[in-house]
1. Do we have any residue at all in region 78-86 that's part of a strand (DSSP E or B) and more than 23 Å from Glu148 (Cα to Cα)?
2. For region 462-488: of the residues being at pLDDT below 80 and hydroxyl-bearing (Ser, Thr, Tyr), which is nearest to Leu438 (Cα to Cα)?
3. Quick one: in region 364-406, of everything that is in a loop (DSSP other than H, G, I, E, B) and touching a Ser or Thr at 6+ places or on another chain (Cβ under 8 Å), which residue is surrounded by the fewest Cβ atoms within 10 Å (Cβ to Cβ)?
4. Out of region 340-360, which residues are outside any loop (DSSP other than H, G, I, E, B) and among the charged types (D, E, K, R)?
5. Exactly one of these conditions fails for Asn129: (1) under 16 Å from the mean Cα position of the chain (by Cα); (2) surrounded by fewer than 22 Cβ atoms within 10 Å (Cβ to Cβ); (3) in a loop (DSSP other than H, G, I, E, B). Give me its number.
6. So the check is Cβ under 9 Å with 6+ separation or different chains; which pairs have a first residue in region 78-94 that's over 16 Å from Glu360 (Cβ atoms) and a second one that's in a loop (DSSP other than H, G, I, E, B) and among the small types (Gly, Ala, Ser)?
7. Using the structure shown, decide if Val307 is β-branched (Val, Ile, Thr), crowded, with 18+ Cβ neighbours inside 10 Å and modelled with pLDDT under 95.
8. List every residue pair whose Cβ atoms lie under 8 Å apart, where the two residues are 6 or more positions apart in sequence or sit on different chains, the first residue falls within region 217-239 and is in the same structural domain as Ile278 (by TED's automatic domain parsing), and the second residue, located anywhere, is assigned to a strand (DSSP E or B).
Amino acid sequence: MKPSFLLSTLTFTIILAGCGGNSSSSNNPSVNSPVVPVVPTVSKVIKTGTITGFGSIYIDGKRYITDNAAVTTNGNTGRSITDLSVGMRVSLLVNESNDGSDSEATQVSYERDIEGLVVSIDRNNNLINVAGTAIAYNNLTHFIGVSESSLRVGERIEASGIVNQQGQYIASYIEIDNDESNDGQEYTIGFISNLDVNNQTFELNSLTVNFAEAIGDTPSAGALVKVAGQVVNGVFTASYIDIEGQEDYRQWEDDAVNRLEIHGIITALSPDNTTLSINGVVYNIAENVVLEGTSSLVVNDLVEIYVNTDTNTITKIELENEQYRHDGKVKGTISEIDSNAKTITVNGVLYAIVASSRFEDDNDQFIRFEQLSVNDKVEVVFVIDSQGQRLIQRLDRESDDEFREEWELEGPIQNVDDQLQRFSLNGVEIQVNNQMRLFVDDTLVMITPFFAALTASSNLEVEVEGQFINGEFVVTEIEVESQYTSNESDDIDYATVGYAELEGTVTEVLSTQSFRLNGIEIRVTYTTDFEFNDQRLTLNDFMTRLSVGNSVEVEGVWVDDTYIQAYEVEIELMDND
């Protein structure tokens, strides 16, 4: 549904006049005319985007003053900036001056996209299922109160992010929802399909939604919607429906707004490039539209559009794919800081701060580059530019406990030595041995074919996983992709081939050597490693303890795109089991 932007233009202009003597007298001495100061023009702008930092607030790298801003979160007014976090997608009502000064936000609004219980986790494909929606996460996703490795089935989370052209959801922010005052409902977002007005149902992601008792907006085919309700036996009984594209403006519709600056993914583009869809809304593109960062547009491009509210046309489009690209990840301790060049050194490798760099610290919301110190423990996600410089996309200053959690290193490798069986990754030397799990293109291999793959190509993407034990990085697993490409947040891989790492709920016990995990068949043998709350078990003991409803972690390999042959299975009982 297309919102109405029939709003009057609001500008503030002050005309100052000076008074002098009798200018008609030629006998008066010459007097210089007073300098009339140039008074800046102030426009009202609605801005949407992702929080990248604080002090006051940074949206996609740009600072907005929030000293007098009214903050609303999840419909609750009277909140403060401290209730916000890096990664949240927000809407701002801004007074913007043409004198180059920082714009002032008078309103800041955050609304969650997805909230509910974790039903399953696919750690190999980086997917979390909540309320029938597959939430994709990546190296730029900000986890709060939990990490991607410690999150468990049955925990309740809240997510903020964007929806791409395929209806896939990519999270920029995921937080444990332990708010005792939450309403217990589940929330999700997606594009409406198979709308049945007679039966009052539609499909959303993998769910059937019944809207017979729902209040709010009337569903329309293809619309991007948020729904609230309860999921029972695969049916989402909706209590509230909100058509996206209206909420950013509805709350401030009494204010005269000159321009919209909307951030999101292009989900549709007309063949003649006269219209595009973003966040569920169709906009007309002006004939003289200005393109920045590109000469042409394609569906799934991440952009910011500038919309003139008088004509409801797009006057400028900025391509922002680069801000959400990542080439690697590293953990380590800062050994050097150059305050003038704005660089840090980690593991002997130089990383540069840029305007869009995100800073995170769960214990210090207002962390900036100036607060970093030598010996700080950090995790850095970076992109490599055309000159080979490593630019920081996300920097997370970690506590000692966070630093000791599961480690991951990612990026292009150097110094491969197949004789000594080692290589370097982001300044860290990795010594390979037979105790590690080695994968090439999701296939489990031995050391010889592993190094054969490393030496066969110079364009490799490598991911190393392990733990920090007694002051050392102990590697447990290495994955190699034979074709290295930068990671971008425009697609989700639902691979059912090769390596699999899943966590979910047992939905059926099939036999003495098989069961279903969230509908996926899992097969085990006597060679499978079995654990029950970290205690080793035999096959028979494990299957005796296994029952429908158990939370189970599985590592294995897909067979014939049909089932997973497990080589490690673990039952983890929740506190209420």
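The values are calculated or read from the model by the stated rules, or taken from the named source; none is laboratory data. Note that the coordinates shown come from a computational prediction; the quantities given were computed from them, not determined experimentally. In this analysis, Cβ positions are derived from the backbone assuming ideal geometry, glycine residues included, and neighbour counts consider all displayed protein chains.
1. yes
2. My answer is Ser482.
3. This residue is Asn375.
4. Arg358, Glu360
5. The failed condition is (3).
6. Correct list of pairs: Leu92/Ala69; Leu93/Ala69.
7. For Val307, the condition - β-branched (Val, Ile, Thr), crowded, with 18+ Cβ neighbours inside 10 Å and modelled with pLDDT under 95 - is met.
8. Cβ pairs passing all conditions: none.
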